[in-house]
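S.K.: Below you will find the structure I want to go over with you.
The values are calculated or read from the model by the stated rules, or taken from the named source; none is laboratory data. Quantities reported herein were computed from a predicted structural model and do not represent experimental measurements. Virtual Cβ from ideal backbone geometry, glycine too; neighbours counted across all protein chains shown. With ligands, DNA and RNA removed, areas are computed over all heavy atoms of the protein, side chains included. Shrake-Rupley method; radii C 1.70, N 1.55, O 1.52, S 1.80 Å.
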Amino acid sequence: MRINGLIVILGALAAVSLAGCHREANELAHHHHGESEETGAHKGHDGEIMLDAHRAETLGVVVTEVQPSDFSTVLEVSGELTGNPSDRSAVTARSAGIVHLFPALVQGAVVGAGQALASVSAKGMAGGDANEAARIALEAAKRELDRLTPLAEEGIVSRRDFNAARQRYDEARAAVAGNGSAGSSASSPKSGTVMEVLVSEGQFVEAGQPIAYISGNSSLSLRADVPERHVRFVPTVTGASFRTAYADEAEDVSKYNGVLSGRPSVAGATGGYIPVYFKLVNDGSLVGGTFCTVYLRGGVRPDVITLPVDAVTEQQGQNFVYILEHEGAYRKQPVTLGESDGSKVEIVSGLKSGEKVVTQGATFVRLAETSDVVPEGHKH
């Protein structure tokens, strides 16, 4: 009897212990799956992603109702911003000789109109310094004129010979004034940026030879290189947007009063590419010689569902968006993408009109999906 009573007591204690373990496990599970008081994020039922509405607003999460609209056919190609020929000027040598480049003459430097960028001297070269030769010629012409002046007054020499001597003197004096006393200089014809330096320090240059090119940067050309396999797209081009390496997003050419330059033609194709040009007015934020991605727009298509490119997330090669199911609850939705103009992307499948999609702050919803901890943020 005593042994049986001991067995009953031990069994009761074991039952109490098991009940306590189950209760602790349930509490841990509830703590793991339940709402985080600090972040307002937790996982809901049936794959829902829970993010408190107030918290979502604080993090800058924006939801937009999907509505079809017109969307242009887009072709993404490579391109380059280049200076227009009319906005490009040459710094030229005014005389022949050895060139000395000033420190300001470096590619990318900003220079002012009339700023001296180099000097040219023939001193020490075979044939002598042009300035020295001009001074010698002036002195000789002056001596001859001084000799003939009194003779002409006395009528010993003809007026014709006297006038010829005076002309030689005037020409020699003009040559000295033109050459200057310290060698010729090469100056920038306009304010702008040094785009290219064509000579090296100590190099011999001829009179009139270009030393460097200056771009005013007031206007630029955007060249889009269209592969020849897309030749049928070229005649349909109506506009474009472009993204440089130093820009966060694509910008439409209209921001720079961009217009299509002429009519693109296959006749201009080189190296398997057909160039399409847009003329831009530079506000100072664009840099000539910059390579970029160009999104050419063709014909307009109606009833196309599009989203901002930032609304789409990518995981393991699959594209997703987040749909607002009801307040504080989101659903992860796979989508198939179509064309993109750099700022918007076509949604071929996965969405329908009227659905509410996260268009800003999708990263925070994604974090709420994978973790109970959403980082601190602030509303923009």
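S.K.: Check which residues have an amide H placed less than 5 Å from residue 258's amide H, if you skip close sequence neighbours.
M.R.: Long-range HN contacts for residue 258: 281.
S.K.: Leaving out ligands, DNA and RNA but keeping every protein chain, what accessible area does residue 95 have, in Å² rounded to the nearest 10, with a 1.4 Å probe?
M.R.: Estimated to the nearest 10 Å², residue 95 gives 20 Å².
S.K.: Of the accessible area of segment 185-287, with the probe set at 1.4 angstrom, what percent is carbon plus sulfur?
M.R.: Summing carbon and sulfur atoms, their accessible area is 50 percent of the total for segment 185-287.
S.K.: Additional query: Out of the GluC sites (Glu not before Pro) in segment 212-304, which ones are loop residues according to DSSP with at most 16 other C-beta atoms within 10 Å?
M.R.: Taking segment 212-304 and a limit of 16 other Cβ atoms within 10 Å, the loop GluC sites (Glu not before Pro) found are 249.
S.K.: Continuing with this model, one more query. Determine, for each peptide in 283-289, 338-344, the mean count of other beta carbons within 10 angstrom over its residues, then list the peptides with the highest first.
M.R.: Descending packing order for the listed peptides: 338-344, 283-289.
S.K.: Using a 7 Å offset from the Cα along the Cα-to-Cβ direction at both residue 198 and residue 90, what is the distance between the two label points in nm, to one decimal?
M.R.: Simple spin-label model gives 0.4 nm for this pair.
S.K.: What distance in nm separates the two pseudo spin-label positions at residue 363 and residue 69, each 7 Å out from Cα along the beta-carbon direction?
M.R.: 2.4 nm
S.K.: Under the rule a/c < 1.5 gives rounded, and otherwise a/b versus b/c splits prolate from oblate, where does segment 301-374 land using the Cα gyration tensor? Each step should come with its number before you reach the end.
M.R.: Working: a/c = 2.09, a/b = 1.58, b/c = 1.32.
Here segment 301-374 falls in the prolate category.
S.K.: Could you tell me the accessible area of residue 98 in Å² (1.4 Å probe, neighbours in place), rounded to the nearest ten?
M.R.: 70 Å²
S.K.: Determine, from the Cβ-Cβ distance of residue 281 and residue 206 and an R0 of 30 Å, the FRET efficiency 1/(1 + (r/R0)^6), rounded to the nearest 0.05.
M.R.: Details: r = 37 Å, r/R0 = 1.22.
The computed FRET efficiency comes out at 0.25.
S.K.: Any idea how far apart residue 123 and residue 231 come out in nm if each label point goes 7 Å out from Cα toward Cβ?
M.R.: Each label point lies 7 Å from its Cα, and together they span 6.2 nm.
S.K.: For residue 110, what accessible area in Å² do you get when you roll a 1.4 Å probe over the heavy atoms of the protein chains, rounding to the nearest 10?
M.R.: Accessible area, nearest 10 Å²: 120 Å².
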